[in-house]
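Asker: Below is the structure I would like to discuss, written out as structure tokens.
The values are calculated or read from the model by the stated rules, or taken from the named source; none is laboratory data. Predicted, not measured: the structure shown is a model, and the values here were computed from it. Virtual Cβ from ideal backbone geometry, glycine too; neighbours counted across all protein chains shown. Remember, those area values only see protein heavy atoms, side chains included, never the ligands or the DNA or RNA. Shrake-Rupley method; radii C 1.70, N 1.55, O 1.52, S 1.80 Å.
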Amino acid sequence: MSVNKGSAKWSGTLKEGKGHVSTKSGALNDQPYGFNTRFEDAPGTNPEELIGAAHASCFSMALSMVLGEHDLTADSIETSADITLEQKAGGFTVTKSHLTVKASIPDATKEAFMEAATGAKENCPISKLLDCDITMDAKLVS
């Protein structure tokens, strides 16, 4: 079992308040976040951006694993995740994560790649965590 940690500090009201987010590894160390970074494109991060990075990185690792099970190794896997936050009755909710994947995999057929990508999308731990629609555009490049 692996246990990792992220932490956040917040002070003030929702709109005027300020927060800082950190990770145990130090990859993020007191990175600022707030209403303005989430909804007004101010410098800093926000929860949806962090979820996107987590989903993209988890998917890429899962795809690498699935490819390895088929004796394939990627030269590169580039993944981004667009996280959609919508206001619904009762508040805001993450409704979608859309993965965009571009991979270079010697000797892979398009069919083998799509099967591996679909399996990784459905089974990476962050996909399993998210309670939203997960879609994907995947492209095998040479």
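Asker: Over the chain, what is the relative contact order in percent, taking alpha-carbon pairs closer than 8 angstrom and at least six residues apart?
Answerer: The value is 18 percent.
Asker: Ok, one more. Would you kindly work out the equivalent ellipsoid of the range 103-142 from its C-alpha gyration tensor and give its semi-axes, the square roots of five times the eigenvalues, largest first in whole Å? Kindly include the intermediate steps, with their values, before the conclusion.
Answerer: Values: eigenvalues 104, 17, 12 Å².
In descending order, the three semi-axes are 23, 9, 8 Å.
Asker: Sequence neighbours fewer than 8 away in the same chain don't count; with that in mind, list the lysines whose C-alpha is under 27 Å from residue 139.
Answerer: Within reach: 96, 102, 110, 121, 128.
Asker: Through the Karplus equation 6.51 cos²θ - 1.76 cosθ + 1.60, θ set to phi - 60°, convert the phi angles of the range 77-90 into ³J(HN,Hα) values in whole Hz; use x for Gly and Pro.
Answerer: These are the phi-based 3J(HN,Hα) values: 10, 10, 10, 10, 10, 8, 9, 9, 10, 10, 7, 10, 4, x Hz.
Asker: Looking only at the chain, where both bridge partners belong to it, what percent of the DSSP beta bridges are antiparallel (to the nearest 5)? Present the calculation step by step, with values, prior to reporting the outcome.
Answerer: On the way: 22 of 32 bridges.
Within the chain, antiparallel bridges account for around 70 percent of the total.
Asker: May I pose another question? Pick from 26, 44, 52 the residue whose mean-square fluctuation is largest in a GNM of the chain, springs joining Cα atoms under 10 Å.
Answerer: Result: 26 has the largest fluctuation of those listed.
Asker: Same structure again: Quick check on the chain: helices-only [θ] at 222 nm, where DSSP H runs of length 4 and up contribute -39,500 (n - 2.57) each and the sum goes over total residues. Nearest 500, please.
Answerer: Calculated mean residue ellipticity at 222 nm is -10000 deg cm²/dmol.
Asker: Between 54, 74, 103, where does the largest GNM mean-square fluctuation fall for the chain, given springs only between Cα atoms within less than 10 Å?
Answerer: Largest GNM mean-square fluctuation: 74.
Asker: Additional query: Taking amide H positions as placed in the peptide plane 1.01 Å from N, state which residues far from residue 139 in sequence (5 or more) or on other chains have amide H under 5 Å from it.
Answerer: 101, 102, 103
Asker: Quick one: Karplus J couplings for the range 35-46, per residue in order, coefficients 6.51, -1.76, 1.60, θ = phi - 60°, nearest Hz, x for Gly and Pro?
Answerer: 4, 5, 7, 8, 10, 10, 6, 6, x, x, 10, 7
Asker: Ignoring ligands, DNA and RNA, what percent of the accessible area of the chain is carbon or sulfur (1.4 Å)?
Answerer: 51 percent
Asker: Follow-up question, since we're still on this one. Exactly which GluC sites (Glu not before Pro) in the range 1-62 are in a DSSP loop and have at most 13 other Cβ atoms within 10 Å?
Answerer: Hits after loop and neighbour filter: 16, 40.
Asker: Ordered by residue, what ³J(HN,Hα) values in Hz, to whole numbers, does the range 91-97 give under the Karplus form 6.51 cos²θ - 1.76 cosθ + 1.60, where θ = phi - 60° and Gly and Pro are x?
Answerer: x, 8, 8, 7, 9, 7, 10
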